[in-house]
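Trainee: Quick one: the structure is below, and I'll ask about it shortly.
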Amino acid sequence: MNDVAPPDITALAAQIATGDRSALARGITLVESRRKDHRQQAAELIEMLLPKTGNAIRIGMTGTPGVGKSTLIDAFGGNLTGAGRKVAVLAVDPSSTRTGGSILGDKTRMAHLSQDANAFVRPSPTAGTLGGVAAKTREAMLLCEAAGFDVVIVETVGIGQSETTVSDMVDVFVALMLPGAGDELQGLKKGVLEIADIIAVNKAEGGNRERAGAAAAEYSAALKILSPHPDGWSVPVLLVSGLANEGLDELWQTIERFRSEHEASGTFSAKRAEQAVRWFRALLDLAIAARLFQKEGDQKALKDIERQVRAGDITPDRAVDSVIARIGV
């Protein structure tokens, strides 16, 4: 028997709306839970707080390991809180295959921002989610907005998975690069450049400044041979340093210019509307997959089909046809 009382969702929503960080943390834990009763409570919580969302600028940041994402975000976020803004960082960690928990622990890598009264840093395990983005990052982002944070940064894992997922939930997508563009360009997915709204070459301080400038020139050249940005935006390539806190004001000004131009053209709201539809479809896919084999007999049938695929007795395509036939879709 479970003696733990269910959370008072109305009270929790009211606490989050006042900016209570402890309540916000509990709310995010609730939306990340896979328990069926928690999912229902989380949906109720999101519905209550939805009218208080939508006012933040949503920023996605990605880059290969070692590019200095956390150091840059720590300095960048600190600059923003110093200017009177409230910053939430949803730092998506790769999951431990043994425990399912976060490995990197971004709070330890953002020492200043995690202690800032006007900031909220939340590491979330990806749990194998495609694109290095936790399955419930969208909901967590809405809770942060409802709590009064006007800048929400989503830091992705950046380990070669598709980053399209994060670009589909943010307003502006920033790709961080390293000096030495020759090697970086060879290992970089073309798709990341195609979906980036801003390119920022990090670690452009001291002796690296010249190399960073050369890298920026190569990225600019690479962008010219790609398809133009669909809304006419000319993707800028900036030089920044999270370690030295250089170029970060220009980065923020560029983000604000991006938002201003897209709000004026109407593409800002149109993009968010399309993202909501994609979110719906993603959740629908997850819900359908979760409910396909809830009965014990169905679970056994699925295991049998998987065994046949593993043994090479049936192709994956035929296996899918078999599943569809079984559920009558």
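The values are calculated or read from the model by the stated rules, or taken from the named source; none is laboratory data. These numbers were taken from a predicted model, which means no experiment stands behind them. Neighbour counts are summed over all protein chains in view; Cβ atoms, including those assigned to glycine, are modelled from backbone coordinates with ideal geometry. The accessibility values were calculated without ligands, DNA or RNA, using every heavy atom of the protein model including side chains. Shrake-Rupley method; radii C 1.70, N 1.55, O 1.52, S 1.80 Å.
Trainee: Just checking, does segment 152-159 include any residue being in a loop (DSSP other than H, G, I, E, B), surrounded by fewer than 20 Cβ atoms within 10 Å (Cβ to Cβ) and at pLDDT below 70? Can you show your working first?
Mentor: To start, the set of residues in segment 152-159 that are in a loop (DSSP other than H, G, I, E, B) comprises 156-159.
From the residues that got through so far, the ones that are surrounded by fewer than 20 Cβ atoms within 10 Å (Cβ to Cβ) too are 159.
Keeping just the survivors that are at pLDDT below 70 gives 159.
Yes.
Trainee: Looking only at segment 189-221, count how many residues are among the charged types (D, E, K, R) and within 19 Å of the chain's Cα centre (by Cα).
Mentor: Step one: filter segment 189-221 for residues among the charged types (D, E, K, R), giving 189-190, 194, 197, 203, 205, 209-211, 218.
Remaining after also requiring within 19 Å of the chain's Cα centre (by Cα): 189, 194, 197.
Matching residues across segment 189-221 total 3.
Trainee: Every residue in segment 222-243 that is open to solvent by less than 30 Å² (accessible area, probe 1.4 Å) and either of a type in the set (Ser, Thr, Tyr) or over 18 Å from Val192 (Cβ atoms) (or both), please.
Mentor: If the condition is that a residue be open to solvent by less than 30 Å² (accessible area, probe 1.4 Å) and either of a type in the set (Ser, Thr, Tyr) or over 18 Å from Val192 (Cβ atoms) (or both), then Ser241, Gly242 are the ones that fit.
Trainee: Here's a follow-up. Can you pull out every residue in segment 265-311 that is open to solvent by less than 90 Å² (accessible area, probe 1.4 Å), over 20 Å from the mean Cα position of the chain (by Cα) and at pLDDT 80 or above?
Mentor: Ser265, Gly266, Thr267, Ala301, Leu302, Asp304, Ile305, Glu306, Gln308, Val309, Ala311
Trainee: Taking interchain pairs and intrachain pairs at least six residues apart, which have beta carbon atoms under 9 angstrom, with the first residue in segment 145-156 and under 14 Å from Ala17 (Cβ atoms) and the second among the acidic types (Asp, Glu) and open to solvent by 10 Å² or more (accessible area, probe 1.4 Å)?
Mentor: Ala147/Asp20
Trainee: I would also like to ask the following. How about segment 24-38: which of its residues are free of Cβ contacts under 8 Å to residues at least 12 places away in the same chain and either surrounded by 20 or more Cβ atoms within 10 Å (Cβ to Cβ) or of a type outside the set (Val, Ile, Thr) (or both)? Even if it seems obvious, please write down each step before you answer.
Mentor: Initial filter on segment 24-38 (free of Cβ contacts under 8 Å to residues at least 12 places away in the same chain): 29, 33-36, 38.
Within segment 24-38, Ser33, Arg34, Arg35, Lys36, His38 qualify.
Trainee: Continuing with this model, one more query. Might you check whether a residue that is outside any strand (DSSP E or B), modelled with pLDDT under 80, within 24 Å of Gly78 (Cβ to Cβ) and touching a strand residue (DSSP E or B) at 6+ places or on another chain (Cβ under 9 Å) occurs anywhere in segment 138-151? If you could, list the steps in order and put the result at the bottom.
Mentor: Pass one, segment 138-151, residues outside any strand (DSSP E or B): 138-150.
Imposing the further condition that a residue be modelled with pLDDT under 80 reduces the set to none.
Scanning segment 138-151 turns up no residue that is outside any strand (DSSP E or B), modelled with pLDDT under 80, within 24 Å of Gly78 (Cβ to Cβ) and touching a strand residue (DSSP E or B) at 6+ places or on another chain (Cβ under 9 Å).
Trainee: Taking segment 211-235 only, how many residues are aromatic (Phe, Trp, Tyr) and part of a helix (DSSP H, G or I)? Walk me through it before giving the result.
Mentor: First pass over segment 211-235, keeping only residues aromatic (Phe, Trp, Tyr): 219, 233.
So of that shortlist, the ones also part of a helix (DSSP H, G or I) come out as 219.
The number of residues fulfilling the criteria is 1.
Trainee: Sticking with this structure for a sec: Against the condition among the aliphatic types (A, V, I, L, M) and closer than 20 Å to Ile153 by Cβ, how does Leu248 come out, does it pass? Explain how you work it out, then say what you get.
Mentor: Values: among the aliphatic types (A, V, I, L, M): yes; closer than 20 Å to Ile153 by Cβ: yes.
So Leu248 fits the description; yes.
Trainee: Next up: For segment 203-221, what are the residues that are among the acidic types (Asp, Glu), surrounded by 13 or more Cβ atoms within 10 Å (Cβ to Cβ) and farther than 15 Å from Ala175 by Cβ? It would help to see each step written out before you state the result.
Mentor: Residues of segment 203-221 that are among the acidic types (Asp, Glu), as a first pass: 205, 210, 218.
Pick out the ones that are also surrounded by 13 or more Cβ atoms within 10 Å (Cβ to Cβ) and you get 205, 218.
Correct list: Glu205 only.
Trainee: Right, another one. When the residues of segment 244-264 are narrowed to those that are touching a strand residue (DSSP E or B) at 6+ places or on another chain (Cβ under 7 Å), more than 20 Å from Arg209 (Cβ to Cβ) and of a type outside the set (Val, Ile, Thr), which ends up most open to solvent (accessible area, probe 1.4 Å)? Let's see the steps before the verdict.
Mentor: Keep residues of segment 244-264 that are touching a strand residue (DSSP E or B) at 6+ places or on another chain (Cβ under 7 Å), which gives 247, 250-251, 254-255, 258-259.
Still in the list and also more than 20 Å from Arg209 (Cβ to Cβ): 255, 258-259.
Then drop every residue that is not of a type outside the set (Val, Ile, Thr), which leaves 258-259.
Working: Phe258: 5, Arg259: 59 Å².
Here the answer is Arg259.
Trainee: Need pairs with beta-carbon distance below 7 Å; first residue under 25 Å from Phe76 (Cα atoms) and of a type in the set (D, E, K, R) and within segment 41-63, second open to solvent by less than 10 Å² (accessible area, probe 1.4 Å) and in a strand (DSSP E or B); sequence gap 6+ or separate chains.
Mentor: That search, which allows pairs on different chains as well, returns Arg58/Val152.
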